[in-house]
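Before any comments, here is the structure.
The values are calculated or read from the model by the stated rules, or taken from the named source; none is laboratory data. Please read all numbers here as calculations on a predicted model, not as lab measurements. Here the Cβ positions follow ideal geometry from the backbone for every residue, glycine too, while neighbour counts run over all protein chains shown. Calculation scope for accessible area: heavy atoms of the full protein, side chains included, ligands and nucleic acids excluded. Shrake-Rupley method; radii C 1.70, N 1.55, O 1.52, S 1.80 Å.
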Amino acid sequence: MKFLLKRLAFYGLAAFFAVTLNFLLPRLMPGDAAGAMFARFQGRLSPEALDALRRAIGIADGPLSLQYVHYLRDLLHGDFGISISQFPAPVLEVVWTGLGWTVLVAGSALIIGFVLGTALGIVAGWRRGGVLDSVLPPALAFIGAFPYFWLAMGLLFLFGFEWRWVPLRHAYSDGATPEWSFTFIADVARHAALPIFTVVVATLGGWMMGMRSAMVAVLGTEYLALGRAKGLSTVRLAWRYAGRNALLPNVTSLGMSLGFVLGGSLLTEVVFSYPGLGFLMVQAVRSQDFPVMQGLFIMITFAVLIANAVVDVLTTFIDPRTRSREA
Amino acid sequence: MIRARFATFIGALLTIALGAGCRSERVEAPPGVLTLTASQSQATWIRNFNPLMPGCRWPSAAGIYEPLGVYNSVKGEWVPWLATAWGWRDEGLTLAFTLRQGVQWSDGQPFTAADVLFTFELIKRFPALDQKSVWKFLDQVSVGPEGEVLFKFKRVYVPGLPWIAHQPLVPKHAWASIEDPVAFTNPNPVATGPFTEVRLFQNQVYELGKNPHYWQPGKPAIEAIRLPAFPGNDQANLALVDGELDWAANYVPAVERVFVRKDPTHHHYWFPPMGSTVFLYANTTRAPFGSVSVRKALSLAIDRNLIVDVAMSHYTLPSDATGLSAAYEKWRDPGAVARGTWVRFDAEEAGRLLDAAGLKRDAKGQRLLPDGKKLSLSIAVVNGWSDWVRAAQVIARGLKKVGIDASVRLLDEGTWFQRLQQGDFELAVGWSIEGVAPYEFYRWLMSRETVLPLDTPAAGNWHRYGSEAAAPVFAEIERTTDPVRERELEVRLQEIFVDEAPAIPLFPNPAWGEFNTRRFEGFPDAANPWAALSPNKMPDALLMLTTVKPRAQGAR
């Protein structure tokens, strides 16, 4: 209990720092939002419009301390303000257009990559020098070494453009009605397949190597020898004894990556024209859209913190040793 | 054995997953639905059809809503739109518009002078909506005895005409109750334009159906326009090459090979050099750029043909000394062009001019300022805008050849624009302001009225140049309603610009435009240039939206 409280206090402090930093950073950036919006039109907008834009967007004035108080108050009310680049849409509405899709694609890609990679790592580690162990790691390392952008573009070109197995863009067919029907879900799955596949292929190697190394370290331990002497089945030994003990480092990195899911896989979204937070973030930075930037950063920060808290708890279940000092 | 079984299993899985039945055919829009992209570079759409603010969805300002008149920038002539005629009265103090009869809003209500009055009152009450600052020169708007709308000016200001004529007009009956029209997203527009019915709005695509009450009989011939969201140019190009887009405004590299050759009968493009002219701006508040011969020398050191070649893949031409793009073709004066010899590439002449300006070379061949300091300067460009970056590299190389230590300075877009606005640069590559007549273009290049103090953000005239000679010409154009006299004055502006070289023109931007005639026809191109092709040209796009029609059945 004391352990959990201590962690909680730590997370509270971290959250406070993140929130404060989130307030300060955009204000330290050069440029102004009205100017950025005007600049996007590259001379097609008459210069008079710049004044009008400044009047409409009008970044909050007043002393920094007061702005900070207002910022905290709005934050507590779940009010992230009005987007500037998408003026006058509220930030939540802007973020909402991408949130679900990012969670779907980046989330499933992460889970599939983690589960598959870890499983492959266990097998490869258990049967060192086997077919799987000698073929997959170099192959995955080879693929993983490609710049992701290049890999995704290439696959999109082949599967989407040349062979037409998958759609070229978007999260579902243009004009399809979002609903809980088989056709729509199948449509979404068909659109998400290639983006997820590319991310899994690009990240699989990392999970697998990590798991394999951890396995190798565990394999030499005496309790495995004991288990084998007791006559436990190979499957039980490999998965329950060696696998479970070797899992910790991978679970820790899962916690870290889980948080970044919300950051969105920018490149995936750009290549597949997939709606999501990553592109929104870049767009917000480009157009000096502080409110959207802040909204996204806050969400990401909290996602990282929550994911890590969950992993902390999870770790104590997988490996009681991590909580032994408190017990 | 096991491996063979495994392979079969994976194969079966793939077949099920991707399945022959799932094979995606080319996405085909329903008949009569024109799919297009105007450069909005956005991964997701936000529903906003407020035509009075710039963040609205295409074509809110001209397509959903409409103006009184449309200036056809290719032909250089006005097309009457919601007004049938207009003219100056009271020696240019009043502008009178005769409204078109029988125009209805998309909900069936009649369009009247009250709507025009309401719109202009609205942008007066909310200055944030007055994107053209018309109330700077307007005094009042009223209805005349014959039902015409009278715009009374505070002073004679003839160049105000296009700003009034191009103002999108909103209906009084639907907008009078809107409390905050600045923050109004107008999700279901009531408008006079050809496309007013939002048939579909999703975060990745929207579709606008035709106005059931449109005032041009039988138009638009298109059922609906559909705009998919593309996060970037590459994705839009893929759709274009694939034949999914019927109309686009994309930059396409190697367009003949990439796009046209895929289907030469139907794939067409037209890149007329009528976009904003790209300039090299020299900050005239800093030595030695206050000197006209130094500016001309900089210009002479630039190999524009090389820029057009390496930065613009020959999609445009080197600019002449007037800096006017093809959008001002009818104004261009051959005499002024001939006088502008400082846009040719002549390093020797550049050296002579620099010598004469007192910028002598030292032992190592480096140019020195008159006070003996080494002349070294940086060219500010936006990091990642590769065409400009390459242009800046060519410029820097040319300047080095004449002994000026020039380097390219890559800046983040926000920083670059901030410095430009505040006049915090030596040399910078930037765009220029587009207008209907050269007056507007030159006003933001050399009018004393547009010169702001350093550190005060300026929307144009970043190089801070005010011409003595041009001041009376600008003033007279503002008072001149006679087209013959106006032409003389606009030519005079060109001559002054050529003499004083306030900024250094590089090349006009092409107005990117592509179309596919597999499903639709009636687009303009180089052979039949009746309007601007690029959907980014507003309000010209209205001309296209009302003219393009589905291809006759069976025609190939």
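Against the numbered list (1) within 14 Å of chain A (Cβ to nearest Cβ); (2) more than 30 Å from B:T37 (Cβ to Cβ); (3) hydrophobic (A, V, I, L, M, F, W, C), B:I496 comes up short only at (1).
Screening segment A:286-307 for residues that are over 12 Å from the mean Cα position of the chain (by Cα) and more than 27 Å from A:L53 (Cβ to Cβ) and picking the one that is most open to solvent (accessible area, probe 1.4 Å) gives A:I306. Taking segment B:25-115 as the region of interest, the strands (runs of 3 or more DSSP E) fully inside it that hold 1 or more residues being open to solvent by 50 Å² or more (accessible area, probe 1.4 Å) are B:77-80, B:83-89, B:94-99.
When segment A:1-16 is limited to residues that are within 10 Å of A:A309 (Cα to Cα) and of a type in the set (A, V, I, L, M), the one that is least open to solvent (accessible area, probe 1.4 Å) turns out to be A:L4. Contact annotation: residue pairs with Cβ atoms under 6 Å, 6 or more positions apart or on different chains, pairing a residue in segment B:446-460 that is closer than 13 Å to A:A49 by Cβ with a partner that is of a type in the set (A, V, I, L, M, F, W, C) and part of a helix (DSSP H, G or I), are B:A459/A:L50; B:G460/B:W444.
When only residues in segment B:417-432 that are open to solvent by 10 Å² or more (accessible area, probe 1.4 Å) and within 13 Å of chain A (Cβ to nearest Cβ) count, which is modelled with the lowest pLDDT? Checked segment B:417-432; the qualifying residue modelled with the lowest pLDDT is B:Q418. Would it be correct to say that B:P457 is in a loop (DSSP other than H, G, I, E, B), open to solvent by 20 Å² or more (accessible area, probe 1.4 Å) and at pLDDT below 95? In short, yes. Among the residues of this structure, B:D412 counts as one that is at pLDDT below 90 and open to solvent by 50 Å² or more (accessible area, probe 1.4 Å).
Every listed requirement among (1) open to solvent by 10 Å² or more (accessible area, probe 1.4 Å); (2) polar (S, T, N, Q); (3) within 11 Å of chain A (Cβ to nearest Cβ) is met by B:T481 save one, (3). If the condition is being without any contact (Cβ under 8 Å) to a residue 40 or more places away in the chain and not charged (D, E, K, R), then segment B:215-240 contributes B:P217, B:G218, B:Q235, B:N237, B:L238.
For segment A:125-141, does any single residue satisfy the condition of being of a type in the set (D, E) and touching a residue at least 40 places away in the same chain (Cβ under 8 Å)? For segment A:125-141, residues of a type in the set (D, E) and touching a residue at least 40 places away in the same chain (Cβ under 8 Å): present.
Identification of helices (runs of 4 or more DSSP H) wholly contained in segment B:158-254 with 2 or more residues that are within 10 Å of chain A (Cβ to nearest Cβ) and either crowded, with 22+ Cβ neighbours inside 10 Å or not polar (S, T, N, Q) (or both) yields B:161-165, B:233-241.
Inspect segment B:395-408 for any residue being open to solvent by less than 10 Å² (accessible area, probe 1.4 Å) and either within 14 Å of another protein chain (Cβ to nearest Cβ) or under 30 Å from A:P26 (Cβ atoms) (or both) and give the result as yes or no. The answer is no, given that none of the residues of segment B:395-408 is open to solvent by less than 10 Å² (accessible area, probe 1.4 Å) and either within 14 Å of another protein chain (Cβ to nearest Cβ) or under 30 Å from A:P26 (Cβ atoms) (or both).
Among the residues of segment B:324-353, those that are under 19 Å from B:L300 (Cα atoms) and among the aliphatic types (A, V, I, L, M) comprise B:L324, B:A336, B:V337, B:A338, B:V343, B:A347, B:A350, B:L353. Under the condition of being open to solvent by less than 30 Å² (accessible area, probe 1.4 Å) and either closer than 23 Å to B:D234 by Cα or out of contact with any Gly (no Cβ under 8 Å at 6 or more places or on another chain) (or both), the residues counted in segment A:134-153 number 2. Using the structure shown, decide if B:T450 is touching a Pro at 6+ places or on another chain (Cβ under 9 Å) and within 14 Å of another protein chain (Cβ to nearest Cβ). Yes: the conditions hold for B:T450. Note on segment B:155-188: residues that are under 26 Å from the mean Cα position of the chain (by Cα) and either polar (S, T, N, Q) or assigned by TED's automatic domain parsing to the domain that holds B:S142 (or both) amount to 16. Only one entry in B:K124, B:K132, B:K152 is in a loop (DSSP other than H, G, I, E, B), of a type in the set (D, E, K, R) and either without any contact (Cβ under 8 Å) to a residue 24 or more places away in the chain or not assigned by TED's automatic domain parsing to the domain that holds B:E476 (or both), namely B:K132. B:K152 passes every criterion in (1) more than 22 Å from B:P51 (Cα to Cα); (2) touching a Gly at 6+ places or on another chain (Cβ under 9 Å) apart from (2). One residue stands out among those in segment A:146-198 that are under 26 Å from A:V115 (Cα atoms) and at pLDDT below 85: the one that is farthest from the other protein chains (Cβ to nearest Cβ), which is A:F146. Would you confirm whether or not segment B:518-539 contains a residue that is at pLDDT 95 or above, more than 19 Å from the chain's Cα centre (by Cα), buried (at least 23 other Cβ atoms within 10 Å of the Cβ) and part of a strand (DSSP E or B)? Scanning segment B:518-539, I find no residue that is at pLDDT 95 or above, more than 19 Å from the chain's Cα centre (by Cα), buried (at least 23 other Cβ atoms within 10 Å of the Cβ) and part of a strand (DSSP E or B), so the answer is no. Only one entry in A:G220, A:G210 is at pLDDT below 85 and away from every other protein chain (no Cβ under 14 Å), namely A:G220.
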